[in-house]
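Nothing in this text is a laboratory measurement; each read-out follows from the coordinates by a stated rule. Since we're looking at a predicted model, the values are computed, not measured. Reconstructed Cβ throughout: ideal geometry from the backbone, glycine too, with neighbour counts over all protein chains shown.
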Ligand SMILES: C[S@@+](CC[C@H](N)C(=O)[O-])C[C@H]1O[C@@H](n2cnc3c(N)ncnc32)[C@H](O)[C@@H]1O
């Protein structure tokens, strides 16, 4: 998701805080790579624009965020995955923000969120690799995530990208187009499986296993920009199932949570929220829960220094505050949460598989 999800719930691009990392010349930031002009890719993006619903299109909107914030995120596929329409839309918003000296530049939440997940995935895999060399990374609602092509830390991991069939088919075609247009695209993950699964289905985990997922192998679960699109019941089913895996193997959950004011703005497309995910997750069986907010020292990346920006203001208010005391506007927060768990050393896993 992104701050735009918080400020303008129908869209995925975020508005957010003033950057100290100075912006490059925004006029030159809009790059439309040659491959986006090829007939096949143009046709595919046209069908995405006309046939996909807002949920599926959110995958391309987040890719546009990574593409336009390329001065801090290296994503070789972001432009191609986003498509020209989403690139131009977000570019225009950033141009306007910069012209108006906005304290929050569109897409900064996406940028911070991406960098936070990157750093926490790397840390989780490092913690596993001290015991055992094999690991799995499952991206639920993977959308146009390109980590399997951009994170070297995945070189010993089997990656599973889970999303709707249309999204994964389009993604595969776009990767193929990238490979055909330039030979240097390399996968950085040890292996990659795209699993077309609706995680609202009760048997989604069985389907994941059928696609090759092995419950007994150390796993990082990446739930980035997905939980709040699910109903409360669906989200809790997913979280409970992942929590159960803590009894089977070393398990790390990385997820972003909206608080209630974020998910319940007028015309919101969001459902699930949690104001206290750091209290919720231990009740499901996770331990070592750590919650960060956008702008915290580990969720800042040099992009959010203005003490008057939205995020700095939120950090100064207690988390129980639902509205800003000065103007009564809702306190929309996005929590970045890491939780983990492992079986006790002598436990038998057979009963949990
Ligand atoms: C906002 S995008 C985030 C994509 C990616 N995680 C990222 O951060 O770039 C949400 C993604 O979740 C997928 N999604 C939403 N509901 C889903 C479901 N029930 N099952 C599988 N995927 C789902 C959408 O198709 C979309 O690709």
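By count of other Cβ within 10 Å, fewest leading, how are 201, 75, 326, 145 ordered? Display every interim value, and only then the final one.
Values: 201 12, 75 22, 326 8, 145 27.
Least to most surrounded, the residues fall as 326, 201, 75, 145.
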Simple spin-label model, 7 Å along Cα-to-Cβ: residue 89 to residue 217 in nm? 3.6
May I ask you to work out the translational diffusion coefficient for region 256-325 at 37 °C, viscosity 0.692 mPa s, via Stokes-Einstein with Rh from the Kirkwood sum over Cα pairs, reported in whole µm²/s? 238
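Using a Förster distance of 25 angstrom, determine the FRET efficiency expected from the C-beta separation of residue 324 and residue 27, and round it to 0.05.
It comes out at approximately 0.15.
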Gain on full stretching of the segment that runs from residue 43 to residue 169 - 0.36 nm per residue minus C-alpha separation: 44.0 nm
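How much length is gained on full extension from residue 267 to residue 133, taking 0.36 nm per residue of separation minus their Cα-Cα distance?
On the way: separation 134, 0.36 × 134 = 48.24 nm, distance 4.64 nm.
The span from residue 267 to residue 133 would gain 43.6 nm if fully extended.
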Rg and Dmax of the chain, using alpha carbons, in Å: what are they? 19.6, 61
Quick one: the Cα spread of region 37-180 along its three principal axes, in angstroms, biggest first? 49, 38, 27
In what sequence do 224, 27 fall when counting other Cβ within 10 Å, fewest first? 27, 224
Can you show me the helix-derived [θ] at 222 nm for the chain, built from DSSP H runs with n ≥ 4 at -39,500 (n - 2.57) apiece and divided by the number of residues, rounded to the nearest 500. -11500 deg cm²/dmol
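Beyond 17 Å, what share of the Cα-Cα pairs of region 89-128 remains, rounded to the nearest whole percent?
Percent of Cα pairs beyond 17 Å in region 89-128: 46.
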